[in-house]
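The values are calculated or read from the model by the stated rules, or taken from the named source; none is laboratory data. Note that this is a predicted model, so its numbers are computed, not measured. Don't worry about glycine lacking a Cβ; one is built from the backbone with ideal geometry, like all the others, and counts go over all protein chains shown. Protein only, heavy atoms only, side chains kept; ligands, DNA and RNA dropped before computing areas. Shrake-Rupley method; radii C 1.70, N 1.55, O 1.52, S 1.80 Å.
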Amino acid sequence: MDRIRRATAIINVLAFWYSFCEDNTDMTGLKKRVILSFTIFAMFFGAGNLIFPPFLAYKAGENAGIAFLGFVITAIGLPVLSLIAISRAGSAEKLAGRVHPAFGIIFTVAIYLAIGPCLAIPRTASTSYEMLVKAYPFDSMASRLIYSAIFFFLSSLIALRPEKLTRRLGRILSPALVLLIVILFVFSLSVPYDSNMPAKDAYSESAFQTGFTDGYQTMDALAGLVFGIILSINVKAIGTEKGKERREEAIAAIGGGILLLAIYLMIVSVGLSARSFSSDASNGAEVLSEMAYHVSGSFGRPILALIFIIACFNTSVGLLSSCGEFFNRLYSRISRTAWIFIFAFFSFLISNIGLDAIIRVSSPILTLLYPAAITLIGLSFIKDTDKLHCTYVFSVTLALLFSLLTILKLFSSPFIWLPPAIIGGIAGYLLDRKKSLKQG
C-alpha cells in the first residue's frame with residue numbers, strides 16, 4: 001500500500017507540474033501570478049541562496065533563529081522591496097538619478113557590473129561546478145573550462161528571449177528546483193538535531209548582525225534593482241491588463257519572497273541537522289554535500305549537484321538577460337544579443353579563478369553598494385519623491401561615505417552607516433519642505 005500511495009503522490013505532483021508547464025495562453029489570474037512568482041524565485045535563487053542559509057544555521061546553532069531573522073531582512077525583505085521600488089520608479093537609473101542624473105548612471109552601472117559579469121554571474125558557474133565535482137570527482141582545469149563554457153553558452157541562448165523567461169524558468173526549471181530541494185529536506189528529517197547546540201564564531205556574540213550581513217552575500221537586494229526590468233517585460237508578456245502592471249509586479253515580488261522564505265526554512269533545517277554528525281565544514285556547500293551523502297549515500301550528491309546546477313543556471317539566465325537589456329538601452333550601438341555574449345564570455349573568464357576568490361572580492365564591494373541601495377529603496381516609498389532632492393542627496397551620500405569608512409576598517413559595525421543616513425535624510429527632508437513652502 002505504501003508503494004501505491006507514493007506512486008500516486010508522484011503522479012499527482014507530475015500532473016500538477018505538467019499543467020503549469022503546458023503552453024496555455026488562456027491562463028487564469030491565479031495561475032499567472034503563481035508562474036510569475038516562480039519566475040521571480042528562479043531568478044533570485046542561485047549560488048548564494050544555497051550556500052549561506054545552511055552555513056548560517058550550521059554555525060549559529062542555538063542562535064539560529066535570531067541570525068535567520070537578520071538574514072531574512074536582507075535576503076528576502078529587501079529584494080521584494082527593491083522590485084517594488086523599481087516598479088514605482090520605472091528603472092534603477094531613474095531611482096538612483098533622484099540623487100543626480102550622473103550618479104544615477106554611475107551607480108546603476110556599478111550595480112549591474114557587480115551583480116552581473118564581475119561577481120554574481122561568474123559565481124553561478126563556479127559554485128555549480130564545485131558541487132558537480134563533489135558528486136563526480138573529475139576536477140581539472142580542462143574540465144572546469146569546458147563546463148563553464150557550456151554553462152554560459154546555454155544560459156546565453158535562453159537569456160536572448162527575456163519575454164520567454166516566464167515559461168522557461170517559472171513553469172519548468174523553477175518547479176523542478178523546488179521539488180529537488182523538498183526531496184533533500186525530507187531526507188534530512190531523519191537526522192535529529194539538538195536545538196541547544198552552542199553558536200560558533202561571530203554568531204555567538206552578534207547573531208542578528210552576522211545574519212543581516214550574510215544576507216548581503218546573496219546579492220538579492222541589488223539583483224532586485226536589476227531584475228525589475230525583466231519582471232516588467234514578463235508581466236506584459238503574459239497578457240496583463242493595461243493599468244494593472246504595477247499591482248501584478250508587486251504581487252509577483254511578494255509571491256517570490258514567500259517561496260524564498262519556504263525554501264530557506266528547509267535549507268536552514270538541513271544546516272541545523274548537519275551539526276549532529278559534522279563539525280568542520282568550511283562553507284554551506286560542504287554542509288549540504290555532507291548531509292546529502294549522510295542521508296542517501298552516493299545517490300545524494302548527484303541530486304545535490306543537480307539542485308545547484310538548476311539554481312545557478314536560472315540565476316545566470318536572469319542576470320545575463322537583465323544586463324543585456326540595461327546596457328543595450330545605455331549604449332544601443334551594441335545589440336542586446338552582443339551584450340549578452342560579451343558578458344557571458346567575461347563571466348566565463350572570471351568564473352575560473354574559483355569560488356573562494358570570488359567571495360573574497362565580493363565582500364568589500366557589497367559593503368560599499370548595499371547601504372546606498374537600501375537607502376534608495378527606502379526613500380522610494382516616500383510620497384512626492386520629485387520634490388525631495390536634498391533628502392536623497394544627504395542620505396545617500398552619508399550612507400556611501402560611512403560604508404566606505406567601514407571598508408577602510410575605521411568602523412566595525414555593519415550598521416554604522418544607518419544613523420548618519422537617517423539623520424541626513426531627515427535634515428534633507430526638512431530643507432526640501434522649507435523650499436517647497438517658499439515656492440508654494
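Give me the angle, in degrees from 0 to 90, between the Cα long axis of helix 120-135 and the longest principal axis of the Cα atoms of the chain, rounded to the nearest 10.
10
Give the separation of the Cα centroids, the stretch 326-386 to the stretch 120-142, in Å.
For the stretch 326-386 versus the stretch 120-142, the Cα centre distance is 23 Å.
With the dipole of the stretch 93-238 worked out from charges on the C-beta (+1 for Lys and Arg, -1 for Asp and Glu) around the Cα centre, which of S195, M219, I229 lies farthest toward the positive end?
Selected residue: I229.
Going from most exposed to least, what order do T218, T367 have by accessible area with a 1.4 Å probe?
Largest accessible area first, the list is T367, T218.
Residue by residue through the stretch 239-252, which ³J(HN,Hα) values in whole Hz follow from phi under the Karplus form 6.51 cos²θ - 1.76 cosθ + 1.60 (θ = phi - 60°), with glycine and proline marked x?
x, 5, 4, 4, x, 10, 4, 4, 5, 5, 5, 5, 5, 5
Can you tell me the dipole magnitude for the stretch 56-195 around its Cα centre, using point charges on the Cβ only (Lys, Arg +1; Asp, Glu -1), in Debye to the nearest 20?
Computed about the Cα centre, the dipole is about 560 debye.
Carbon and sulfur atoms: what percent of the 1.4 Å accessible area of the chain do they account for?
Details: 12590 of 19280 Å².
Carbon and sulfur together cover 65 percent of it.
Quick one: which of K94/K434; K134/K200; K387/K435 span more than 19 angstrom between C-alpha atoms? Present the calculation step by step, with values, prior to reporting the outcome.
Working: K94/K434 24 Å; K134/K200 26 Å; K387/K435 9 Å.
Over 19 Å Cα-Cα: K94/K434; K134/K200.
Once all Cα-Cα distances of the chain are split into 10 Å bins that start at 0, what whole-number percent is in each one?
Calculated over all Cα pairs of the chain, the distribution is 5, 21, 31, 27, 13, 3, 1, 0 percent.
Using a Gaussian network model of the chain whose springs link C-alpha atoms within less than 10 Å, name the residue from L189, L320, L177 with the highest mean-square fluctuation.
Judging by the Gaussian network model, the answer is L189.
Would you pull out the residues with amide H under 5 Å of A199's amide H, same chain only if 5 or more places away, H placed 1.01 Å from N?
Sorted by chain and number, the residues that satisfy this are E62, N63.
What's the angle, to the nearest 10 degrees (0 to 90), between helix 300-330's Cα axis and the longest principal axis of the chain?
The two axes meet at around 20 degrees.
Write out the trypsin sites (Lys or Arg not before Pro) in the stretch 291-390 meeting two conditions: DSSP loop, and at most 12 other Cβ atoms within 10 Å of their Cβ.
Hits after loop and neighbour filter: R333, K383.
Please give the length that would be gained between I73 and S279 if that part of the chain were fully extended, namely 0.36 nm times their separation in residues minus their C-alpha to C-alpha distance (nm, one decimal).
Contour length minus the Cα-Cα distance gives 71.4 nm.
Quick one: helix 78-89 against the long Cα principal axis of the chain, what's the angle to the nearest 10°, folded into 0 to 90?
On a 0 to 90 degree scale, this one is about 40.
Can you work out the accessible area per residue across the stretch 275-405, with the rest of the protein chains kept in place, probe 1.4 Å, in square angstrom?
On a per-residue basis, the stretch 275-405 sits at 41 Å².
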